[in-house]
Number of protein chains: 4
Amino acid sequence: MISVGVIGCGYWGPNLVRNFAEAPRTRLAGICDMNPQRVSSMAKRYPGVMATDSVDDMLASPDIDAIAIATPVSSHFELAMKALRANKHVLVEKPLTTSSEQAYRLIDEADKRNLVLMVDHTFVYTGAVRKIKQLVDAGQLGKICYYDSVRVNLGLFQHDIDVIWDLAVHDMAIMDFIFDSRPVSITAVGMNHIEGARENIAYITVLFENDLIAHINVNWLSPVKMRRTLIGGSRQMIVYDDLDASEKVKVYDKGVTVTNRAESMYKMMIGYRSGDMHAPQLDVTEALRLEAQHFAECIETGQQPVTDGASGLKVVRMLEAATRSMRQQGAPVALDTYELRAVAASA
Amino acid sequence: MISVGVIGCGYWGPNLVRNFAEAPRTRLAGICDMNPQRVSSMAKRYPGVMATDSVDDMLASPDIDAIAIATPVSSHFELAMKALRANKHVLVEKPLTTSSEQAYRLIDEADKRNLVLMVDHTFVYTGAVRKIKQLVDAGQLGKICYYDSVRVNLGLFQHDIDVIWDLAVHDMAIMDFIFDSRPVSITAVGMNHIEGARENIAYITVLFENDLIAHINVNWLSPVKMRRTLIGGSRQMIVYDDLDASEKVKVYDKGVTVTNRAESMYKMMIGYRSGDMHAPQLDVTEALRLEAQHFAECIETGQQPVTDGASGLKVVRMLEAATRSMRQQGAPVALDTYELRAVAASA
Amino acid sequence: MISVGVIGCGYWGPNLVRNFAEAPRTRLAGICDMNPQRVSSMAKRYPGVMATDSVDDMLASPDIDAIAIATPVSSHFELAMKALRANKHVLVEKPLTTSSEQAYRLIDEADKRNLVLMVDHTFVYTGAVRKIKQLVDAGQLGKICYYDSVRVNLGLFQHDIDVIWDLAVHDMAIMDFIFDSRPVSITAVGMNHIEGARENIAYITVLFENDLIAHINVNWLSPVKMRRTLIGGSRQMIVYDDLDASEKVKVYDKGVTVTNRAESMYKMMIGYRSGDMHAPQLDVTEALRLEAQHFAECIETGQQPVTDGASGLKVVRMLEAATRSMRQQGAPVALDTYELRAVAASA
Amino acid sequence: MISVGVIGCGYWGPNLVRNFAEAPRTRLAGICDMNPQRVSSMAKRYPGVMATDSVDDMLASPDIDAIAIATPVSSHFELAMKALRANKHVLVEKPLTTSSEQAYRLIDEADKRNLVLMVDHTFVYTGAVRKIKQLVDAGQLGKICYYDSVRVNLGLFQHDIDVIWDLAVHDMAIMDFIFDSRPVSITAVGMNHIEGARENIAYITVLFENDLIAHINVNWLSPVKMRRTLIGGSRQMIVYDDLDASEKVKVYDKGVTVTNRAESMYKMMIGYRSGDMHAPQLDVTEALRLEAQHFAECIETGQQPVTDGASGLKVVRMLEAATRSMRQQGAPVALDTYELRAVAASA
């Protein structure tokens, strides 16, 4: 049984609180927020649990094994570092940090102290994404050609990050999980339409090794909510619509076959394969519940989390590169040099 | 009554043939294709109409006032120039030419001879796009923030053009029609997954004046067909789904309002407006029928076509810039210099 | 502030508990269930609230003003009568009772004691149904021609009632709320496919005065969940899809116009009107929250609930008639005699 | 090569004309309509084909092997009988006749003369319905529990038949094709809302042997078009949506399992099985093309058509029974006696 204290009870924190309170292998041992009103409101719902507006008090408690951090991104590094130095295992909401520099330092600190550092890439723990990884790993899609995601809705505008760090981060985490190929370069274009705010719309293209192209369309100004990802392979193709209540993942037995029979000057010698569609049943366990259990298990057994510090780092590197490209109006930013650096750091 | 000869009876040509045969102001006067089998098959369906595999024979006919060209793009320029020099009015399937240079020359030739040069930007004549233009012109959307289009399906792979010239051209023509702002720069990334073929997937971002950002997602390798465009304004927003049989255009009374009331460090001082949705009834007249009538009317009255040579040119310029950006892995390509050139040419 | 005790903490009860605990005008004052495990689990979530497995203990509490009953239908009458006799105001989950006889007796008892008797016809308090009533009352639909509802999904099979009493009851409650016309006769056909269980599929047709026809399709064996109601008027028509997250109510400006111009023997002299579609914004307040507040308000002010005992009775009468018709393989059952009886009883 | 003459060129006739003209085994040999304008318009599109407003002239032609009849229902019997007596094979648009009496007589006449009598139950020849029959025949659905169809749209109002004879006929033909069970009784309720017109809305329930219940919801006054059929079996269930362009037939591996483990008084001992969904690829050949070929094949080989006179009769019998029930406000009408009669007649 792992005792977990949660820092940050804004939008996402209460979900962590609830899951650590209810998951079989964890125990909610502390609640912390800068806002005393939130602290007292959470305290009422979880009587008997330490509730405080002081991070230091919480970290000082010998009763707490691990800390989950669900504060604004800008505070992730400082809080996570503090927690590691207090010898607590740490789970950090996505994105892990605001820079890869910070991510390296957290990874190093956790390694040195033999502590679990995990990042809350929630989608990785959904039944849909786990099923997709399983299909990709089994080779059912063939060679992956593209990953194309639309993730748009009206708001929430965030004050300390732009729409890439808020929404595209999900796709980067999913891609880091399901693909073996390494991202090579990133192009991003974005725009802000509200004075004084950050980009509310952005288009990111990631080129991977092996002719895999990924594209992410994120937008806080869309009249309709969409969460739809196409994944095209040489053998089969997936449509993953996270808003489809009954069939989130559809696998299409469709593709292109190149033939040698020339027909006419108007058509390439290309044929289409079109077969059945198949929507596999998905595990509907709440992602955060699985994630809480996995966190506890990693702490108990010493195994590496699926979404460990290195995953968090790789996603932050993509976010940094996307930001840099966006500052240069879409000029491609290579990811190679970073990779060398990462190799060095992890050596 | 305008007598029209149609060159090219492949995929799109028969639609032109049918509409010129049936539209009240036009008469089908000739059918031409390099492929004798197609010629004879069309001749059977339209007995009494000149049917030939010789372009020169058709252009020599004094009975024919105008020529419609529906051949592969690579032949547009040569055929259109020939037709203009034979003193025929000309309608050319999109895109007008393979280069802006060619487009300038056609415009000049038509101007010199006082002939109508029109490009078949079919979507401009649909009830949906005309309704959208009407809403934009009436200021109902407020300031336009973005245009975001997904236009994907499985094939048709084209042998002489890539997916940008085949599919993105539609969005460029629509944007040229509905927006007053001028495009400033283009970023495009694309990829080909079939050996020896051209790009089958591409992402194009167009930055316009006045903070208008446009994005076009085109793909010949998608397991599902999608034709969906979001247009976001400061007052209202549109979802235009061309595959929705009953409600192609939906207007959402939604938006963002910036307020001065600071709430907390977790939320911007931004509010959301959310009102009714409205799906206006659309004119369901076939776009090509209206276009045929408009072509005849322009010839008869001397008025400038809505989709004139200049429109065709502006679209080809965007296509050229997109291609150039794609060759440089997404480096932004400015459109300004072209614009100056265009002004000079039209002076 | 009205103190409410809730009897029954199975599927629906916890929603009542939560809303009475959180609504501004009510206070959760007691929780009761036959199952001690449920009682203790609820007690943990609501410390400080009386929690018991004894209905008598709860009714004996002078601290409790009103009782909400969310037990199986077969126990509604006995529990509600007990509560009224203990001088508690009563809210009963739908359907009110298992027979109209029982409903009359509850109404009488509440009248005699000047207590509020309300039935939990939840849908009546949703933003969607309230908007529909508003449109109908404003005459926007014109003369109502039909109400056509499909309410199907896989399970829950209920042990003490059939699919009509479980699902069709919702449509009967909605119709009782939005229509002024009186139901005249009912036809129902149903079938059971599980040995020893009650009907899992049924089709009910209700004929109202003034040529209004209603139809309800309920099914516990459907592979997909559907909640979709068409309401056709002479001027406008509504599609109400409760599973549509963004546009639950769509109003179509469509209809039929009879003209005198005879065209041919193949067509009636009937024309179609087809105009815009409009999806009004809906209040998204939780229905049960509004209902809890309305219950408190009726108790405080003495006003008649929108879903009072008489509404509950009228719905039970329709359910009884449907059951009787179903037992006779769909023979029509008149509702008139019941009506006379109802008048007599309420006199 | 079978030479076919088509009588009736209104709404449906031109489709028959086109298919007999283009199908490989048939030749269009004649066009006939009472309306001279239609005759001349069709004559222009099919030069060289006999075109007349005289049925007698057409039947007198020795050049014509078979007659296809696409006139209003009220004239089917007379025209079909005339054609048979002129020794022509006959294909009649659905429904075969206006009474079972007439259908028996046509069957007898065709039998006596050894001619093919076929009814145009078009849906039977679609890829979707053929796939469904294949799944049902293979036992994949298990025991069939229900067939539930919604077939609604705005108009076309027909002058000589009601909405049952216009729309429900399709479902009756589909059920006759895919089910082995015999229909036992029918209940129908309908209503007309236009003065002087026939029923524009109707609900038909058909009870088959073996606990199979079928329901058909037809409506000419619906603001939206729907063509959706649920077929529930004990092992798998189908959703057939004819308006779904890409996945018309979806097979759900869902069902109910009765278990012996009693849980509580609130739940039956019933469990749900929920597995994958599967959308098989469908043959997209035009149904009428297959039907035209099948008609020719039956004439050439003497084989019995899939949709022979007996199918037409069985559908007409259901239509008659539905009409009779509707006249009695939904009183159930048994089909047994008819069946005996049918056996006698075909003996």
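Could you work out the equivalent-ellipsoid semi-axes for the protein assembly as shown, taking the square root of 5 times each eigenvalue of the Cα gyration tensor, largest first, in whole Å?
The equivalent ellipsoid of the protein assembly as shown has semi-axes of 54, 49, 28 Å.
Given a Förster distance of 22 Å, report the FRET efficiency between C:SER234 and C:TRP12 from their Cβ-Cβ distance, rounded to the nearest 0.05.
Computed FRET efficiency for C:SER234 and C:TRP12 comes out at 0.05.
Working from the alpha-carbon coordinates of region C:108-204, get Rg over Rh, Rh being the Kirkwood radius.
1.03
Using amide H atoms built in the peptide plane, which far-off residues or other-chain residues are under 5 Å from A:ARG235 H to H?
Excluding prolines and chain starts, which carry no amide H, the hits are A:GLY142, A:LYS143.
Can you tell me the orientation of helix C:309-327 relative to chain C, as the angle in degrees between its alpha-carbon axis and the longest Cα principal axis, to the nearest 10?
For helix C:309-327, the angle is close to 60 degrees.
Run the quick spin-label model on D:ASN35 and A:LYS44: label points 7 Å from Cα toward the beta carbon, then report their separation in nm to one decimal.
Rounded to a tenth, the inter-label distance reads 7.3 nm.
Nearest 0.05, what FRET efficiency do A:LYS143 and D:GLN140 give at R0 = 30 Å with Cβ-Cβ as r?
Computed FRET efficiency for A:LYS143 and D:GLN140: 0.35.
Would you please report the Å³ per residue occupied by the convex hull of the alpha carbon atoms in region A:63-113?
Cα-based convex hull of region A:63-113, divided per residue, equals 63 Å³.
Taking the 0 to 90 degree range and rounding to the nearest ten, how far is the long axis of helix A:169-178 tilted relative to the main principal axis of chain A, both from C-alpha atoms?
Rounded to the nearest ten degrees, it is 70.
With runs of 4+ DSSP H residues as the only contributors, calculate the mean residue ellipticity of chain B at 222 nm using -39,500 (n - 2.57) per run, divided by the residue total and rounded to the nearest 500.
Calculated at 222 nm, the ellipticity per residue is -10500 deg cm²/dmol.
With everything on Cα atoms, drop me the angle between helix B:127-137 and the longest principal axis of chain B, reported from 0 to 90° to the nearest 10.
Between helix and principal axis, roughly 50 degrees.
Just to verify a number: FRET efficiency for A:ASN210 and A:SER246, C-beta to C-beta distance, R0 = 35 Å, to 0.05?
Rounded to the nearest 0.05, the efficiency is 0.55.
Specify the inter-centroid distance of region A:111-184 and region C:185-257, based on alpha-carbon positions, in whole Å.
Using only Cα atoms, the two centres lie 41 Å from each other.
5 Å is the cut-off here: which amide hydrogens, built 1.01 Å from N in the peptide plane, fall below it relative to A:ASP120, excluding neighbours closer than 5 in sequence?
A:VAL92, A:GLU93, A:LYS94
Could you tell me, in Å, what Rg and Dmax come out for the Cα atoms of chain A?
Values for chain A (Cα only, Rg and Dmax): 21.5, 78 Å.
Just for chain A, what percent of DSSP beta bridges are antiparallel, to the closest 5?
Restricted to chain A, the bridges split so that about 60 percent are antiparallel.
Looking at the P(r) of region A:37-150, how many percent of alpha-carbon pairs lie beyond 22 Å?
That fraction is 50 percent.
Sort shortest first the distances from D:ARG273 to its counterpart in every other copy, using label points 7 Å along the Cα-to-beta-carbon line, and give them in nm.
Here the equivalent label points are 3.1, 5.2, 5.5 nm apart from this one.
Considering only DSSP beta bridges where both residues belong to region D:113-240, give the percentage that are antiparallel (nearest 5).
80 percent
For region B:13-39 and region A:278-319, what is the centre-to-centre distance using only Cα atoms, to the nearest Å?
61 Å
Under 5 Å between amide hydrogens, which residues at least 5 positions from C:THR52 or on another chain qualify, with H placed 1.01 Å from N in the peptide plane?
Distant-sequence amide H within range of C:THR52: C:ILE31, C:CYS32, C:ASP33.
Rank the residues D:TRP12, B:TRP220 as a footprinting-exposure proxy: fewest other Cβ atoms within 10 Å of their Cβ go first.
In order of increasing Cβ crowding within 10 Å: D:TRP12, B:TRP220.
Suppose a student asked you for the relative contact order of region A:33-78, using Cα pairs under 8 Å spaced at least 6 residues apart; what percent would you report? Present the calculation step by step, with values, prior to reporting the outcome.
Numbers: 21 pairs, mean separation 13.2, N = 46.
Averaging sequence separation for qualifying contacts and normalising by length gives 29 percent for region A:33-78.
Values in this text are rule-based calculations from the coordinates and carry no lab data. Just so we're clear, the structure is a prediction, and the values are computed from it rather than from any experiment. Because the Cβ atoms are built from the backbone with ideal geometry, glycine has one as well, and the counts that use them run over all protein chains shown.
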